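Structure first, commentary second.
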Amino acid sequence: MSKLYKNIIIELSGICNGKCTWCTTGMANRKGLKPSGGYMCASKFIELMQYLQSNKIIDDNSNLYLYNWGEPLLNPEVKEIIKHLNKSGIHFILSTNASKPVLFDGSNDLKTLKELRFSMPGFSQESYNRIHGFDFNTIKNNISSILENYRNCGFQGDASIYYHVYQFNVRELEKAYEFSARERINIYPYYAYLNDYKTFKEYLASTMQYDQLKKASQELFLFYIDQELKDMPDEYTCNQMDEFLVIDENCELLTCCVIDKENEYYSLGSIFNYSLSEVENLKRSQPICEECKKYGVIYLIQSILSEKLNHFENGYTRYLKENDFCCQSINSVQSRFDREVQRRIEADIIRLRNEIQYLMERSREKQINYLIWGAGNGGELAKYFITSVLPNFNLVGYIDKFKLGELNRIPIFKPQVLGELNFDYIIIATTPGKSEANQKLVDLGLRRVKDFIEIIF
């Protein structure tokens, strides 16, 4: 019996303005080639959605992705398309390189935006010069503007940076974590890869030209590929066949999201010509699928995008993603604060999660000596929390305006002597003195997230 597709990818824009070295569209842009794609107009998008729903190819539970190879916000009718989705109550996921902000006006225009992803090739102008080709400061400002506008227009979903890790941008991760914490969004670093089927196949078949191979070995992380292919199960089945439906800006049904326009197996014809069972049969009968499986292209891509190859996360960061550590830590000390305080913490969980994620990365290879501002119950709870999730953090003292002596054999200092103390970081854990603590630290030249955060229970 035929099943509806769990994931549907609709290409709103067949054009991308990025110049990514190892991506199909970026390669064409670097060569100065005329874009081979166009834009899906709003009326065609509405017709497409109606067709997919009426023919029971998708339903309200399908994940709708409004991007594949292109930059969706370049589409001149993207606002009209998104407003239609919102009006129809259809949830969707959007990804952007943030080069061209599209802002909204209505307070509920983005209520059904489920997830917003920002694609970033590093966190410096040097990295942007090498990959996307945009002005880095402009991109950061655009991300901030988009987030503020979208949140004001009803967006309540997850916002994330998808950080493409190259050999040359690993050291920029700390600044990226700091930025994501300030903006209250997630960050997911993963290895950049050969995002072009022909190029990836040449690498795997050992037929890549020497100059290109040399460049790839200098920019990409490739050390894990051979072992990953050895670990590929014999019974591995590509999830693109049964779980993903991919449609381009011309409403063409595609074999999958990996095959590009230059490949003879790219398109299977207009989606309007097929029923659900016909779509399934077509997708399962393409000769290129055997070739792709033989070389392991899609298996590697799926592995790269999964957590198991994310070597930039230690066990605690992985624990964070899989178990929502903030909720677990809150529950473990639930008896120590009332329900109103718990609701306040849960409302601020994204900010706290990303700040702790940044601190995990910072303390991954070295001990951090820290102070807690507040020697009361809040300070004790903050210490319990930090000990649970940041094992390389070493508490060297408390700061308190009214107390002296020790708390559980840890010394307590007055704020006036802060400048004389040796420490790496400060956790503000006092509600009454929060504003004063923030101002004092700023006056000392310390910066939020980089030098201090608030953890107030």
Open item on the list: I want to confirm something. Restricting to the stretch 377-407 and keeping residues that are touching a Lys or Arg at 6+ places or on another chain (Cβ under 8 Å) and not β-branched (Val, Ile, Thr), which single residue is farthest from Tyr358 (Cα to Cα)?
Closed with: Leu404
Open item on the list: I'm trying to understand the selection: among the residues of the stretch 41-69, which are modelled with pLDDT of 95 or more, surrounded by 15 or more Cβ atoms within 10 Å (Cβ to Cβ) and farther than 25 Å from Ser277 by Cα?
Closed with: Cys41, Ala42
- [ ] Tell me which of these Thr199 doesn't satisfy, since it passes every other one: (1) polar (S, T, N, Q); (2) closer than 26 Å to Gly26 by Cα; (3) within 16 Å of the chain's Cα centre (by Cα).
- [x] (3)
TODO: Determine which member of the set Glu178, Glu228, Glu172, Glu183 is at pLDDT below 95, touching a strand residue (DSSP E or B) at 6+ places or on another chain (Cβ under 8 Å) and in the same structural domain as Asn29 (by TED's automatic domain parsing).
DONE: Glu183
TODO: For the stretch 201-219, indicate whether the set of residues that are within 26 Å of Tyr128 (Cβ to Cβ), assigned by TED's automatic domain parsing to the domain that holds Gly89 and among the β-branched types (Val, Ile, Thr) is non-empty.
DONE: no
TODO: Given the conditions (1) out of contact with any strand residue (DSSP E or B) (no Cβ under 8 Å at 6 or more places or on another chain); (2) modelled with pLDDT of 95 or more; (3) assigned to a helix (DSSP H, G or I), report the number of the one that Val102 does not fulfil.
DONE: (3)
- [ ] Evaluate the following for Ala205: is it touching a residue at least 60 places away in the same chain (Cβ under 8 Å), closer than 19 Å to Ser303 by Cβ and touching a His at 6+ places or on another chain (Cβ under 7 Å)?
- [x] no
Open item on the list: Out of the residues in the stretch 393-411 meeting the condition of being at pLDDT 90 or above and either touching a Pro at 6+ places or on another chain (Cβ under 9 Å) or polar (S, T, N, Q) (or both), tell me which one is surrounded by the most Cβ atoms within 10 Å (Cβ to Cβ).
Closed with: Ile399
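Looking at Ala382, Ala375 in this structure, which one is under 19 Å from Thr430 (Cα atoms) and not in a helix (DSSP H, G or I)?
On the way: Ala382 fails: not in a helix (DSSP H, G or I).
After applying the criteria, what remains is Ala375.
Given the criteria part of a loop (DSSP other than H, G, I, E, B) and of a type in the set (A, V, I, L, M, F, W, C), does Ile259 qualify? Lay out the reasoning, then the answer.
Numbers: part of a loop (DSSP other than H, G, I, E, B): yes; of a type in the set (A, V, I, L, M, F, W, C): yes.
Yes.
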Task: Residue tally, condition over 22 Å from Asn438 (Cα atoms) and not in a loop (DSSP other than H, G, I, E, B), over the stretch 385-406 - done: 5
TODO: Given the conditions (1) part of a loop (DSSP other than H, G, I, E, B); (2) free of Cβ contacts under 8 Å to residues at least 40 places away in the same chain; (3) not polar (S, T, N, Q), report the number of the one that Leu268 does not fulfil.
DONE: (1)
Open item on the list: Here are the criteria: (1) free of Cβ contacts under 8 Å to residues at least 60 places away in the same chain; (2) surrounded by 20 or more Cβ atoms within 10 Å (Cβ to Cβ); (3) under 24 Å from Trp22 (Cβ atoms). Tell me which single one Asn129 does not satisfy.
Closed with: (2)
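The values are calculated or read from the model by the stated rules, or taken from the named source; none is laboratory data. Please read all numbers here as calculations on a predicted model, not as lab measurements. Neighbour counts are summed over all protein chains in view; Cβ atoms, including those assigned to glycine, are modelled from backbone coordinates with ideal geometry.
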